[in-house]
Every structure is written in structure tokens, then in C-alpha cells.
Amino acid sequence: MISRGRRAGRGAVDRTAGIAAFAAGPKGATSRAAARGMAAPGGDRCESPAHGRVSRRRLQSVPKRAKSKPVRIFRPWHDAMRGDAARERDAMPRFPATVALVLVSISLIGWLLVIGRALLLPFVIALLVWYLINALSAAVRSIPFGPWHLPRAVALPAALAVIFGISAIVVDIVTANLTELARDAPVYQARLDALLKTYSTRFGLADPLALRDLMPDNAFDQAIAAGANAITTIAGSASLVFIYVLFLLLEQSTFDRKMARLFVSPDRAEMVFKVRDRITEALRHYLGIKTAVSALTGLLTSGLLVLLGLPYAALFGFIAFLLNYIPTIGSLISVIFPSLLALVYFDTLTPFFIISLGLGTIQFSIGNLLEPRLMGNSLNMSGLVIMLSLAFWGAIWGVTGMVLCVPLTVMVLIICAQFPGSRPIAVLLSADGDVGEPIALNGSPKES
């Protein structure tokens, strides 16, 4: 009877001590062999003679296992049950937040551009003139004078003097022509009104056309006043533009050092330098060719008008030069103005048709044959993007924004093409989707 109780107690000791050993883990002081009746490290046996229970002293000697976080054994099964739809649902709230952030940023930038127009426009014009001066200086330095070339210290001031001298002469000529045109505007307006009545009677119209039916009253005066105001604004800000250009030329030798110290990482600095060089090369190529082509257009326009005896030939030549920077619609407007004046200035329609066809031929030949051959595919911009950019920058900065729409869009395209996150924007802005490889650093191309 006693032996049966001892065996039952020993079985209970084995089961209880086994549970305690499992709780103690591999680093516990007691093993399963010690739990079955062998001597514990303290020297006492774990067997209880009565009721088959483990002694309290033995249980206290078993160290407790440190608490740890529960392990989810069925985590892979749980992920499989969730599926791709659940993970996409978790990621969906990020997309509207990103879109909202982009829209807010674009709206804020547009508002700042409109509000700061008076401050930004002179500086932007100064940047454009600075690029032209550097391009002209590089062209002058490339001209050989025997075995020598002009040094930079001579070519740069010479280019500055040439550009500002030509600008001053053009502004004086245009101002004089606008003043004369404003004085003669009522005569041309009356002449156009009489011409409309004559042709209305010839075609048998019951209600003869009048000039006020086609355009509001004083439209000519308002258009001339707007042109004079634009010329006056440009002339008034010329001094500020000249100061900006002068400081840009004086400090351009320190730009590289400042740019290098803006970045801690040499790779980022190298990336910025290469992006800047690519933008500078593209803008110099565009501005150089566009300026030469626009000057040729203005000279041919003035020559044709002088040959036919139409007044204000210098004014219309300058308008053709300036509007040639505006894509698509600039060429059309530069043909309309002289043609309308020829319609009311001459007594017959022959000079009108000659001027219209002659100016149209000049614009078509230069804009569609000569310029694409010189420009090539260096810009790689979509025609729709150019029109949208024309409308956007024209709404913000007026005529100046229309002139600058292509250079600004080229800068955006080149910058966006260098980063994986913004590369799709560059693809959408391009003509054929091929924006080239990102700029390589240390001989290896950047992954996109």
C-alpha cells in the first residue's frame, strides 16, 4: 500500500517537475533528470512522501521564465488570408493625400508668381540677357584673329556693350514709331470705316458694316496705348535689369564654389553641376538659334515693308522679331498687323495681297524650313505641351511669359528627367517619350 502511494506520488512528481523544467527552458538550473528524483543543486530531493506533491522549496528553486512577446505562429497564413486586396486598401489613403499635396503646392507657386510679378520679371529678364551675353561672348571668343583669340576679359564687356547698345537703339526707334502711329490712328480708323461701308454697298448688304460692329470703340487707341505702356515699362525697368545683369556677370565666377558648398555629399554636388550644364547647353542652343532667326525675320519684314512704301517698317520689324519667340501664334500676329495697315493705307488691294503673301512666305520659310533644320530635335517638346505652356505663362506674366514659356518648360523637362519620381512628368512633356538616360555619376548611369 505504501509502495503504491510512493509510485503514484513519484509519477505526479515527474509530471509536475517536467512542466517546471519546460518552463525554465534550456538555461534552467534543473534538468528533466533531476526532476525525476535525482538530487537538485540545493541537495534536497523533490519527492514528497505524502499525497505525491512536489515540495514548495523545490518549486521555488526553479527559475521563472522571462516574459516575452507572444509569437504568432500562423502569421503567414494570416497574410495569405488578407490577400492583395487588403494590402492595396491599406495603401490607398496615401494616393489622395499625395495628389492633394501636389495640387496645393502648384496653386501656391502660381499665386506667388502672380503676386511677385513686379519683382520677378526684371530678374527673369536679366537672367535671359545674361545668357545671351555669355552666348555672344563665347561666339566672339571662338572667332580666330590669326593664331590668337580674344580673351574673356575683353569678349564679355564687348558682348555687354553690343547687347545693351542695340537694345537702346531699338527702344528709341520703336518709341518714335508708336508715337507717330498714335497720332495717325484716327485717320486710319476713319479710312477703315469708309472701306467697310464701300464694300458693304458693293456686296449689296442691307445694313452696311461699320468698324464699331467688328470691334469696340477706341480699340485702336487702347491697343496703341497698351503697346506704348509695354515699351515704357520695359524702358523703365531697363536700369534695374542692367544692375541685375552687372551683378550676375561680376559674381558668376563664384557660383561654382557656392553651389559645391551647398551639398554635403560630393555626388549630389556633381549631380547638380551636370544638370545645370545640361540646362545651360540647351538654353544657349535654343536662345542663340532663336535670336538669330528672329533677327533675320525682323530684318526681312522691315525690308519688304520699306520696299513697298508702308510706314512704320521699323516698328513692324521689331514686332516680328519679338513675336517670333512666341510659338505658333507669334508668327500669325506679326503678319496680321502690317496687312491691316496696308489695307487702309493704300488705295488698292494689290499692296495688301503682296504684303500678306510676302510676310506669310517669310514666316513659313524661316519657321518651318530654316529653324527646324538649325534647331534639330534638341528640345524634344510636344506641340500640345508648348501651347499649354504658352497659355499658362501668358496668364501669369503676360507677353513676357509667352516669350519665356519655351525656356522655362525646357528647364522643367531636363530637371524632371533626372529623378525616378519625376521622370514620368518629363516623358509626358516630351515629343516622343524619349528623354534620354539620367545623368551618369562616376562612370555609371543613374538607375531610374
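Observations on the model:
- Along region 153-162 the Karplus relation, 6.51 cos²θ - 1.76 cosθ + 1.60 evaluated at θ = phi - 60°, assigns HN-Hα couplings of 5, 9, 5, 5, x, 5, 5, 4, 5, 5 Hz to successive residues, with x for each Gly and Pro.
- Net lengthening on full extension, residue 267/residue 173 (0.36 nm per residue, minus Cα-Cα): 28.7 nm
- Between region 288-327 and region 97-160, the alpha-carbon centres lie 24 Å apart.
- Scoring 188-197, 139-148 by mean Cβ neighbours within 10 Å over their residues and listing the highest first yields 188-197, 139-148.
- Put simply, when 318-328, 304-314 are sorted by average Cβ atoms within 10 angstrom per residue, most first, you get 318-328, 304-314.
- Gained length - residue 423 relative to residue 158, 0.36 nm times residue gap less alpha-carbon distance: 91.3 nm
- Net charge of neighbours whose Cβ lies under 12 Å from the Cβ of residue 293, counting Lys and Arg as +1 and Asp and Glu as -1: +1
- Karplus (6.51, -1.76, 1.60) ³J(HN,Hα), θ = phi - 60°, over region 269-282, in Hz, Gly and Pro reported as x: 4, 5, 4, 5, 4, 5, 5, 4, 5, 5, 5, 4, 5, 5
- Derived scalar couplings ³J(HN,Hα) [region 99-114; Karplus, 6.51 cos²θ - 1.76 cosθ + 1.60; whole Hz; x for Gly, Pro]: 4, 5, 5, 5, 5, 5, 5, 5, 5, 5, 5, x, 5, 5, 5, 6
- Other-chain or far-sequence residues with amide H under 5 Å of residue 381's (modelled H): 431
- Peptides 344-351, 277-284, 408-415 ordered by packing proxy, namely the average of other Cβ atoms within 10 Å per residue, highest first: 408-415, 277-284, 344-351.
Every read-out reported here was derived from the displayed coordinates using simple, explicitly stated rules and does not represent laboratory data. Small disclaimer: the values here were computed from a predicted structure and weren't measured. Positions of Cβ are backbone-derived with ideal geometry, glycine not excepted, and every protein chain shown enters the neighbour counts.
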